[in-house]
Structure formats: C-alpha cells, structure tokens
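Since the structure comes first, as structure tokens, the remarks are kept for the end.
Rule-based calculations on the coordinates, nothing more; no lab input. Bear in mind that the values here come from a model prediction, so they are computed numbers and not experimental data. Positions of Cβ are backbone-derived with ideal geometry, glycine not excepted, and every protein chain shown enters the neighbour counts.
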Amino acid sequence: MPAKTISPIEVYKFLPKTNCKECGEPNCMAFAVKLVNREIELVKCTPLLKDEYKDAYKQLWEMLKPPVKEVEIGVGDKRVKIGGKYVIHRHELTYFNPTAIAIDISDDMSEEEILKRIKKTQEFSFTYIGTTLKLNMLALRSVSNDKSKFKEMVTYVANNTDLPLILCSFNPTIIEAGLRVIGDKKPLIYAATLDNWREFLELASIYKCPLAVFVPNDLKMLGSLTKTLMDNGLSDLVLDPGTIPKGGLSSTLNSFTALRWKAISEGDVVFGFPIMGTPITAWTCMDGDVNLKAWWEACIANMLIIRYADLLIMHSLDGWSLLPVTILRQNIYNDPRKPVSVEPGLRVFGNPNEYSPVFMTTNFALTFYTVKSDIEVGKVDCYLLVVNSEGIAVECAVAGRKITPESIAEELLKSEVDKMVKHRILVIPGKAARLAGAIEDATKLRWKVVVGPMDSSEIPKFVINEWKRIIQSV
Ligand code: SF4
C-alpha cells in the first residue's frame, strides 16, 4: 500500500490507545497523525516495544515502511542514509534523505593529491538560506587493477577521514583487499554485475555491507539480478541503471524514472531500492577541456537529482560546478509542507548603539538571509526586527495580511528594543510602505515609522545618506 494513502485511523487501530504521552504527544491519535506524516518515528511509542505489542509493532512497521528502502552507508555520526522515499512527486509528501554526493579518489593519485581531495571534500561548505550545504562521501576507485595499490590507497584514505566510503571495482579480489581494511566501516561495495555477482554476493554477505547492482541500460536484467541477490539474503542494495552521457542521456533519465515508478506506483519490491548515478562518466565519455567536462558533469548531476537519484559519484571539486548541484538538491529536498522560514524576533548586527537604526523585515527565510547579507556586507550596525509572516515575503505578506500593523507593534513590544535605543523610529521595507501610518497607530503613536529602501541592498546607502539626517532631526 503506498504510504500516502494510509489514514491516521488505520494506524491508530494498532497503537496501545492508552494516551500515556510517553511519545511526547498529547494522545495516541496525535501520534498516529504524526506517524502518517512521517514527522515522528514509530520507536517513540515506547509501550509498543513491549512484548505484548510485538505483533502490532510489526504490522505498523510493515504499513509505514517506505516503498524505496532506506539504506545506510558508513558508521557513526557521518553515516549517510539514502533512499527511504515514499512518493513520486515531492508535493505529495516530501522527499526524505537528500541525494548523497560522493567525490572520487583513484589509486593512481599521489598521496598529496589524495589528501588535497579529502580536505576539499570535507571542507566544502556553503550557507544557503540558513542551511549548510556539504558533500557527503568519498568513492575510492581502482584504476590500476592492482590489489596492493588499492589496499594502500584505502588505508591512507581511511586514516585521514571519517566520511563514509564507496569501494569501486568490478574485480572481487580488489574489493576484498579494500574490505579487509575498512569492512567494519560499512562501505558501499560498487558493483555487482552480471559477470561477477556470485563473488560480490559472498563479499557483501561476509562483511555485511550494502551492495550496488550495476546493469546499464537494461532494467529487465537489473531487476533479475537484484531479485537473485535478494533471494540469496541481501537486503541493502543500491541500483545503478547506468549513466550514459554521450547520446544516452534520455535513456538514462528514462531508466531512473522507470525504476522509481515501478517501486512506488507499482509497488514492485525488486526495484524498491535507492538509485545511484555516476555523472563522473562525463570525464571519460564527453569531448572538450576540463571545464567543459566539469560543466557536463554538473548538468548530468542536476538532471539525475531531479529524476530521483539517491546517490551520485562526481569528480570535479570546483565550487562553480558543485554549487548549482548542491543548491538544487537543497531546493528539491526542503519540505514543501513547511514554509522556508526563520524564527521571528530581534537580531543584532555589528555593534549598534542607542542611536542605531531599527529595521524591520518578515521571517521568510530567503528575505531574511538576503537582508542579513546586505547588512553584513555593508557593515551596518543596527537592529533588525523579524516579524512572523508565516514564511511569506514582505509584499505578499502585506497583501495577504500575514503581517499587520498590530502584529508588527506586538513584535516590537515583545523585542524590548525600546530598552536598547533612545529613539523610537522603526524603518520598514519600502514594500510595506502602506502600513506606515497604521503601524504608528498600533503602537499608540509611541513609535514613528520611516519608509526605508525598496530593496535591502540599498540599506547601507540609506544609513549613510538618510539615517544621520533622520536621527539628528529627532
Ligand atoms: S506513547 Fe504510544 S501509547 Fe502512549 S500516547 Fe504515545 S502513542 Fe499512545
């Protein structure tokens, strides 16, 4: 049964119905609603873990499990979860577990180069609308087909990072050499094929590691091999239907889409595993210089993120190629049920004094971070009152009455900014100009309202050209 069609009543039937509140919810029905919306985990209902509810727990677990299995790679805090998807379309619920991005390291690289790539992968960090965008894993490739070289490289990498790892080779002897070093760190083994699957099945079973299944451009055979591996006891699988850049992009996208469709819409358990793509193939299959190849790689990565990729292996470490990929991932994987917002309240920038300006904005995250960035770049010492607009931008919040003169006055009072400044002047965004008089009335004329710039990038100029004059006239 697709998860989205489960009703809270169906879930409620299996709960203990004691309303004991141990889960942190006021009653069992509230817990059932959160379970259906995937906002709480089943294990939070501790009474359910008792022996008397063993069958009910099992039933609920089966009912609520995602049609695309969640697979864990790595151990400890940095371990990565991929898959765990419930819906085809993001707006039907939300996508869980953002696409993991792995950067490759190969055994023909010098130690210096390997260390540089590890550091760059670990240190990649970009703040976007209040979220830190990061890379997640390293993919260790054997290009020499020499097991001692591979083992040496795996050892060196494992000693220098705690990021989850992927061991890449179609040769089982090579993979075994790597597993002897890091088998206990639960790396992803890449990959079982139609030729080597028996040996890979054995390795994945012995070391209890997740296994990628690679059959390019042939979903029937991919399904058949996956079923064979499942029948032989493997349950943590990752499907790679092939990433074919030159002349094969449309079939690549079709394969990714068909896989996810079969898993979620048709409930085919053989295809109910995370999907992985290898945009890195742009480096060997596409013509052109390094920049063009990195550009192709980023384009392919973006296409695959949109088409359900749960894991990608990439080569480029250039910010210009990784930034669009990580930003797109963030945009796809934020929760459409929740507005992208920040906490309302007062923020302090720089070292404001009693005569510094008090600006106002809404709590729509994109607006807030744009205003914040403009204030910081302009090195403006000021206060910023962030008013709750339910995550709506200024102009729409005014039009839709998501901010009102009363709510602004209330936030102003709550902030106690009047204890921090001697003046009583609130600078509102130009786009909220029509509320100016009404805000003054709502503050019982204790505050004067000045209409500030239409665009927050003008704030630094406004402070230099206007604020001095305004504050001197008080
Ligand atoms: S812990 Fe379980 S039994 Fe107790 S209120 Fe929550 S859902 Fe109900």
Exercise. If you place +1 on the Cβ of every Lys and Arg and -1 on the Cβ of every Asp and Glu, how big does the dipole about the Cα centre of the stretch 70-333 come out, in debye to the nearest 20?
Worked result: 460 debye
For this session: Return the Cα extents of the chain along principal axes one, two and three, sorted largest first, each rounded to a whole Å.
Result: 83, 62, 40
Problem set entry | Size of charge dipole - the stretch 345-472 - debye, nearest 20, with Cβ of Lys, Arg +1 and Asp, Glu -1, no other charges | 240 debye
Problem set entry | Dipole of the stretch 70-333, positive end: most advanced residue of PHE273, SER144, ASN291 [Cβ charges, Cα centre] | PHE273
Exercise. In degrees from 0 to 90, rounded to the nearest 10, what is the angle of the helix 197-207 Cα long axis to the longest principal axis of the chain?
Worked result: 60 degrees
Problem set entry | Folded to 0 to 90 degrees: helix 290-306 orientation relative to the chain principal axis, Cα | 80 degrees
Problem set entry | the stretch 70-333 - share of DSSP beta bridges that are antiparallel (%, nearest 5) | 20 percent
Exercise. Of the listed peptides 125-134, 211-220, what is their order by residue-averaged count of other C-beta atoms within 10 Å, with the highest listed first?
Worked result: 211-220, 125-134
Exercise. For the stretch 70-333, what log10 I(q)/I(0) values come out of the Debye formula at q = 0.08, 0.11, 0.13 1/Å, with one point per alpha carbon and no solvent?
Worked result: -0.28, -0.55, -0.80
Seminar exercise, completed: One finds the C-alpha centres of the stretch 379-449 and the stretch 304-365 to be spaced, in Å, by 24 Å
Exercise. Roughly what % antiparallel, to the nearest 5, for the DSSP beta bridges in the chain?
Worked result: 25 percent
Exercise. Using alpha carbons only, how many degrees (0 to 90, rounded to 10) separate the axis of helix 54-64 from the longest principal axis of the chain?
Worked result: 80 degrees
For this session: From the P(r) of the stretch 325-474, can you give the percent of Cα pairs sitting at distances over 27 Å?
Result: 19 percent
Exercise. Where nothing but the Cβ of Lys and Arg (+1) and of Asp and Glu (-1) is charged, how large is the charge dipole of the chain around its Cα centre, in debye to the nearest 20?
Worked result: 1020 debye
For this session: Please figure out what share of the DSSP beta bridges in the stretch 345-472 is antiparallel and state it in percent, rounded to the nearest 5.
Result: 30 percent
For this session: Could you list, in their original order, any pairs among LYS17/LYS81; LYS44/LYS69; LYS149/LYS227 whose Cα atoms are separated by more than 22 Å?
Result: LYS17/LYS81; LYS149/LYS227
Seminar exercise, completed: By the mean-Cβ-within-10 Å protection proxy, highest first, 439-447, 251-259 rank as 251-259, 439-447
Exercise. Please state the relative contact order of the stretch 8-83 as a whole percent: Cα pairs under 8 Å, 6+ residues apart?
Worked result: 22 percent
For this session: Can you give me the three principal axis dimensions of the stretch 1-126 from its C-alpha atoms, in Å, biggest first?
Result: 62, 31, 27
